[in-house]
Amino acid sequence: MSEKIAVYPGSFDPVTYGHLDIIRRGLSVFDHIIVAVLNNSRKDPLFTVNERVSLLKTATEGLGSVSVDSFDGLLMDYVHKKNVKIVLRGLRAISDFEYELQIASINKSLNPEIETCFMMTSNRFSFLSSSMVKEVAKYGGSVHDLVPEAVEQAIKQKYSAGGHGL
Ligand code: ADP
């Protein structure tokens, strides 16, 4: 049988333990996961795409068969280029569901061959998001339990280097 490869797309601005939990658990289902950082039009990311890729590479070291990449434009064009048929996404709350359903439906209409697989968040990460991490860090709170060490340091540097909006 051929290898089961999934693309796990997102902003990852920055990667949190919630993302890593999805990747770790995803690896029990898929042979390989390509974490794909979207270089999107979202106005004001804290980290550049290269920084996000680099933090993800550090964070996923030793997890298993994971590669980290970035892409522009439509996810469906990217997965086609990579010859992958599965998109992996995480679901936290009902609010995620509506958004994810919309994206998955649009993607299905763009390419019916692609399946989006959802993995439920682990309870302890259900309220964890990159924006929450940034909010806490911005006002000097500890994000130690929410993100890996390298990310914690990187956020501290960002905010001490003159600040940057959310
Ligand atoms: P996007 O802007 O594409 O939503 P994110 O980086 O916020 O990018 O999230 C990428 C994916 O990871 C999404 O599917 C999101 O639902 C999922 N995710 C983010 N945080 C968590 C978490 N704490 N638990 C489970 N899934 C999560």
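Quick note: the coordinates plus some simple rules give every number you see, no bench work behind them. On a predicted model such as this, the values are computed, not experimentally measured, just so you know. We place every Cβ from the backbone using ideal geometry, glycine too, and count neighbours over all the protein chains shown.
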Inter-probe distance in nm under a simple model that places probes 7 Å from Cα toward Cβ, at Asp31 and Val136: 3.8
Estimated 222 nm signal from helices in the chain, with DSSP H stretches of n ≥ 4 weighted -39500 (n - 2.57), rounded to 500: -12500 deg cm²/dmol
Taking 30 Å as R0, compute the FRET efficiency from the Cβ-Cβ separation of Leu63 and Asn123 and round it to 0.05. 0.90
Do any trypsin sites (Lys or Arg not before Pro) in the stretch 1-103 lie in a loop, going by DSSP, with at most 11 other beta-carbon atoms within 10 Å of their beta carbon, and if so which? Arg42, Lys43
Likely footprinting exposure, Glu51, Glu135, Glu98, fewest C-beta neighbours within 10 Å first: Glu98, Glu135, Glu51
Once phi is turned into ³J(HN,Hα) by the Karplus curve 6.51 cos²θ - 1.76 cosθ + 1.60 with θ = phi - 60°, what whole-Hz value does each residue of the stretch 83-95 show in order, with x for glycine and proline? 6, 10, 10, 10, 10, 9, 9, x, 10, 9, 10, 4, 4
Whole-Hz Karplus ³J(HN,Hα) for the stretch 20-31, in order, using 6.51 cos²θ - 1.76 cosθ + 1.60 and θ = phi - 60°, x for Gly and Pro? 5, 5, 5, 5, 4, 6, x, 5, 7, 10, 10, 6
On each of the three principal axes of the Cα atoms of the stretch 68-166, give max minus min coordinate, whole Å, ordered largest first. 46, 28, 21
Would you be so kind as to identify which of His32, Gly10, Pro45 lies farthest towards the positive end of the dipole of the stretch 5-127, taking Lys and Arg as +1 and Asp and Glu as -1 on Cβ and the Cα centre as origin? His32
Distant-in-sequence amide H partners of Leu88 (H built 1.01 Å from N, under 5 Å): Val7, Tyr8, Cys117
Going down the table (Lys108/Lys134; Lys57/Lys85; Lys85/Lys134; Lys4/Lys81; Lys85/Lys108), which pairs top 21 Å between alpha carbons? Lys108/Lys134; Lys57/Lys85; Lys85/Lys134
For the stretch 37-86, I need the span (max minus min coordinate) of the C-alpha atoms along each principal axis, in Å, sorted largest to smallest. 31, 27, 13
Where Rh denotes the Kirkwood radius from the mean inverse Cα pair distance, what is Rg over Rh for the chain? 0.96
Grab the Cα-Cα distance for Ile103 and Asn50, subtract it from 0.36 nm times how many residues apart they are, and report the gain in nm with one decimal. 16.6 nm
How large is the charge dipole for the chain, taken about the Cα centre, if only the Cβ atoms of Lys, Arg (+1) and Asp, Glu (-1) carry charge, to the nearest 20 debye? 100
With the contact rule set at Cα under 8 Å and sequence spacing of 6 or more, what percent relative contact order holds for the stretch 5-127? 31
